[in-house]
Amino acid sequence: MLLKKTLNDPQTRFYISKCKYCGRVFIKFENKTGYCREACRTWAVREQKARYQQKRRKLINDGELISNENNKLGTTYLSNHRHDDFKREYLSIHKEAKRIGVIL
Ligand SMILES: [Zn+2]
């Protein structure tokens, strides 16, 4: 049987806590609860994700973090014309593929 947690039950444990998002005081029945309601939890997670992405994009723009999401067609250093020598062509393609991280 599922026991419903109520304040009237003397065996129910509860804690008085402050919401991590809005700072409101609320009653919680589980120790791990950090937010007063589901909306506060959702907004808090949304803000954490936004902060993470801002930090990540700043690192990518500063060149400290390498990401392939900004690589578009035409961003390689390969020339428009192929080498006549097959071996040189193969080596330049291999070098470029290594540089952009397609092969190791
Ligand atoms: Zn709250």
Fill in: All positions within the stretch 35-54 that are near the ligand (Cβ under 9 Å from one of its atoms), closer than 26 Å to Leu7 by Cβ and open to solvent by 100 Å² or more (accessible area, probe 1.4 Å)
Arg37, Arg41
Worksheet, complete the sentence: Per the filter on the stretch 40-83, residues modelled with pLDDT of 85 or more and of a type in the set (Phe, Trp, Tyr) are Trp43, Tyr52
Response to the item:
Reported set for the stretch 24-34 where residues are closer than 21 Å to Glu47 by Cα and open to solvent by less than 30 Å² (accessible area, probe 1.4 Å) is Gly34
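The values are calculated or read from the model by the stated rules, or taken from the named source; none is laboratory data. Because the structure is predicted, anything quoted here is derived from the model rather than measured. Here the Cβ is made from the backbone with ideal geometry for all residues, glycine too, and neighbour counts use every protein chain on show. We work out accessible area using only protein heavy atoms, side chains counted, and drop any ligands, DNA or RNA first. Shrake-Rupley method; radii C 1.70, N 1.55, O 1.52, S 1.80 Å.
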